[in-house]
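Notes follow the structure.
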Amino acid sequence: MKSIFLKLSILVVVLSFSLQSKAQEFQGKAYYFSKSTMDLGRWGARLSEAQKKQVMARMKNRLEKTYVLSFNKTESFFKEDEKLDAMSGATDSWGKNFAQGDQYKNVKDNQLVQSQEFYGKKFLVKDKLQKIDWQMGSETKQIGNYTCFKAMALIPSDELSWYNFSWDKLRNQEPQVDSTGAVKEPELKMTQVEAWYTPQIPVSHGPSEYWGLPGLILEVSADNNTMLCSKIVINPKETVEIEAPKRGEEINKADYQATVIEKMKDFRNNRPSRRRG
């Protein structure tokens, strides 16, 4: 009798380890195509149609990008597929200063680790994941072979592009006064996000800052940008290695933003003024 119990105990332990192993082995890769639109504004109004097309062709590398999201049950690694500039045959060096670096997310530990390079200096940004209050609906659509459900959220705009820079962001940092001379509270701009996720891939991952839904996010639209998954590989033959970036000066998101803004202030203030002829 003792022998039977011993054998049953060993069988239970073996099955337990086997199930744990299979759960840990679950992994995949999702490939995304990102496309942004750009408003040329008043400056664009002065251009001919041919000139507008030329500008858009030169900006294509910044407006159209491809990414790869590697993931397992709890971790993900999001990376841009770099490509040569169609016009010059070189990478976009200026845009690289404000592009999203390699991003590691751990949904179990609420951890973000992202590598950023700014004017030749490497930073390792460590912070918590961006909290997203998703409103999930019943609307569905098909993306490839997967049935996806719609979810919406309002997220502070700066939190979606904390690694980026715009002169508007710099102006918003400077105190604004009203007609009475009183300092106005800075306006918190929000971005509406629309996401489509599939419970058929039961992980809480997604591209870029997006995560936290009961299924992999296959499409997400925010402001003037849309990211769409074009290909998914579940449990590829080669093991997917997911590790957080390790090189660079450690810093959090708020301090990284402050560093970039101070550098751009110096750039603006030291820029030689144009003389009128």
Selection from segment 236-258 of residues more than 20 Å from the chain's Cα centre (by Cα) and surrounded by 12 or more Cβ atoms within 10 Å (Cβ to Cβ) yields 249
Output for Cβ contacts, cut-off 8 Å, separation at least six or different chains, first residue under 24 Å from residue 115 (Cα atoms) and at pLDDT 65 or above in segment 151-176, second exposed (fewer than 12 other Cβ atoms within 10 Å of the Cβ) and aliphatic (A, V, I, L, M), reads 156/188
Restricting segment 204-229 to residues that are of a type in the set (A, V, I, L, M) and crowded, with 20+ Cβ neighbours inside 10 Å, the one farthest from residue 101 (Cα to Cα) turns out to be 213
Within segment 194-239, residues being over 22 Å from residue 29 (Cβ atoms) and in contact (Cβ under 8 Å) with a residue 60 or more places away in the chain number 3
Among the residues of segment 246-269, is any in contact with a Ser or Thr (Cβ under 8 Å, 6 or more places away or on another chain) and not in a strand (DSSP E or B)?
-> yes
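Of the residues in segment 129-144, how many are of a type in the set (Gly, Ala, Ser) and farther than 16 Å from residue 219 by Cβ? Outline the logic, then answer.
Keep residues of segment 129-144 that are of a type in the set (Gly, Ala, Ser), which gives 137-138, 144.
Next, from what is left, pick out any that are farther than 16 Å from residue 219 by Cβ: 138.
Summing the residues that are of a type in the set (Gly, Ala, Ser) and farther than 16 Å from residue 219 by Cβ in segment 129-144 gives 1.
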Within segment 59-114, restricting to residues that are hydroxyl-bearing (Ser, Thr, Tyr) and modelled with pLDDT of 85 or more, the one that is surrounded by the most Cβ atoms within 10 Å (Cβ to Cβ) is 76
Test result for residue 272, more than 14 Å from the chain's Cα centre (by Cα) and modelled with pLDDT under 90 = yes
Flagged pairs (Cβ under 9 angstrom, 6 or more apart or on separate chains; first in segment 112-133, on the phi > 0 side of the Ramachandran plot; second of a type outside the set (Val, Ile, Thr) and surrounded by 13 or more Cβ atoms within 10 Å (Cβ to Cβ)) are 119/97; 119/263
When segment 99-150 is checked residue by residue, the ones that are β-branched (Val, Ile, Thr) and farther than 17 Å from residue 252 by Cα are 107, 132, 140, 143, 147
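The values are calculated or read from the model by the stated rules, or taken from the named source; none is laboratory data. Note that this is a predicted model, so its numbers are computed, not measured. Using ideal geometry, Cβ is built from the backbone for each residue, glycine included, and neighbour counts are taken over all protein chains shown.
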